[in-house]
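Have a look at the structure below before the remarks.
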Amino acid sequence: MSSENLKNVLITGASSGIGFELAKLFAKENYRLILVSANKERLEVAGQKLNDDYEVHVKIIPQDLAKPNAIENILKELNEDHIKVDVLVNNAGIGTFGSFVETNKDLELTTIRVNVEALTHLTKVILPGMIERKSGKILNVASIAAFFPGPLMSVYYATKAYVLSFSEALNEELRGSGVTVTTLCPGPTITEFQKKAGIDMSGTGLLLTDVSFVAKKGYEGLIKGERVVVPGFWNQVVVNLVRFIPRSLLIHAVKSWHK
Ligand SMILES: NC(=O)c1ccc[n+]([C@@H]2O[C@H](COP(=O)([O-])OP(=O)(O)OC[C@H]3O[C@@H](n4cnc5c(N)ncnc54)[C@H](OP(=O)(O)O)[C@@H]3O)[C@@H](O)[C@H]2O)c1
């Protein structure tokens, strides 16, 4: 198939974890992969592996999404290669663990830029083309953390609440347009995320989900145009149960869980 006829998926945070697993699933369906991450070397390794294993077209765009001009640079590269994005996966994300008075200010602000600002900005610039073509799918990666406040990870949880709220609202605005927005809300999933954020995973028990399972559920939900996807039975129990627990009790429980 010539590259003009391929479907294009742009995935942020594709060098590892959930993003890399999602990239494999799109590769299996012969999408052209456009992969974005900050670390160029890691992205090159991921892109090469996907190309070797699935013989797909891979374009890498190394960009630090916390930098102000990142989205313009991505758009410029897409335009130069005349690439229309059929599927957008806003997956890149980071978190910081610790009491807010003690955590690093720059890391917290970077978390907001990557998890919230870049996701919103990229959606803003990719969406008009999808609307024009009356076709497109967006997968925004939030977390079960989107459903309640998270003492000791207050900024991270708040960014994920934003992602869920924004994405559900946008999905409704786009009803009938041919474009859907799916929010993927994973529970604790073993990736590099925990080490980078300084999180101890020992208390996660039944909630722990496998990264390839999370990606598969996200992929299937996206293709079906589902509004929200929570992978794993126990994670679904949690997000449904929290509606019935008094908020103050819930916040206290999350803090105890994190300690
Ligand atoms: N793992 C979990 O328990 C869990 C649970 C719920 C939700 N999530 C969410 O799932 C998403 C993926 O996380 P993961 O668990 O797969 O973690 P991961 O393995 O650490 O992957 C994070 C990805 O984001 C990229 N990234 C980080 N900062 C970036 C920046 N400034 N600019 C561009 N790319 C950047 C990383 O690329 P580099 O190579 O450049 O660092 C990497 O590809 C995140 O949004 C996370 O919040 C994770």
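Derivation of every value follows stated rules applied to the coordinates shown; laboratory data play no part. Computed from a predicted structure; not experimentally measured. Positions of Cβ are backbone-derived with ideal geometry, glycine not excepted, and every protein chain shown enters the neighbour counts.
Quick notes on this one:
- Efficiency of FRET between residue 28 and residue 5 - r from beta-carbon atoms, R0 25 angstrom, step 0.05: 0.90
- Averaging Cα coordinates gives a centre for region 194-259 and one for region 96-112; these two points are 21 Å apart.
- A protection proxy built from the mean count of other Cβ atoms within 10 Å ranks the segments 78-88, 247-257, 150-160, most packed first, as 150-160, 78-88, 247-257.
- Site pair residue 124 and residue 192 shows an inter-label distance of 2.9 nm when each label is modelled 7 Å from Cα along Cα→Cβ.
- The label point for residue 107 and the one for residue 256, both projected 7 Å from the Cα toward the Cβ, are 2.7 nm apart.
- Charge tally in the Cβ shell below 12 Å around residue 130, where Lys, Arg are +1 and Asp, Glu are -1, residue 130 excluded: +3
- Phi angles across region 217-226 convert, under the Karplus curve 6.51 cos²θ - 1.76 cosθ + 1.60 with θ = phi - 60°, into 3J(HN,Hα) values of 5, x, 4, 4, x, 4, 4, 7, x, 5 Hz, Gly and Pro given as x.
- Highest to lowest packing among 8-15, 129-136, 175-182, 209-216, scored as the average C-beta count within 10 Å: 8-15, 209-216, 175-182, 129-136
- Placing +1 on the Cβ of every Lys and Arg and -1 on the Cβ of every Asp and Glu, with nothing else charged, gives the chain a dipole about its Cα centre of roughly 600 debye.
- Under the shape rule built on the C-alpha gyration tensor, where the axes satisfy a ≥ b ≥ c, region 1-98 is oblate, since a/c reaches at least 1.5 while a/b does not exceed b/c.
- Residue (of 10, 31, 146) at the positive-pole extreme of the chain, dipole from beta-carbon charges: 146
- Cα gyration tensor of the chain - equivalent ellipsoid semi-axes, whole Å, descending: 30, 20, 18
- Placing unit charges on the Cβ atoms of the charged side chains and taking the dipole of region 3-258 about its Cα centre, the candidate lying farthest along the positive direction among 251, 61, 22 is 251.
- The modelled label-to-label distance for the pair residue 173/residue 48, using points 7 Å beyond Cα in the direction of Cβ, is 4.2 nm.
- Net charge of Cβ neighbours under 13 Å - reference residue 113; Lys, Arg +1; Asp, Glu -1: -2
- Proximal aspartates and glutamates to residue 217, defined as alpha-carbon separation beneath 18 angstrom and excluding residues fewer than eight positions away on the same chain: 21, 29, 168, 226
- The magnitude of the dipole of region 178-247, with charges of +1 and -1 set on the Cβ of Lys/Arg and Asp/Glu and taken from the Cα centre, is near 200 debye.
- Radius 12 Å from Cβ of residue 178, net charge of other residues (Lys, Arg +1; Asp, Glu -1): +2
- Extension gain from residue 248 to residue 233, taking 0.36 nm per residue of separation minus the Cα-Cα distance: 2.9 nm
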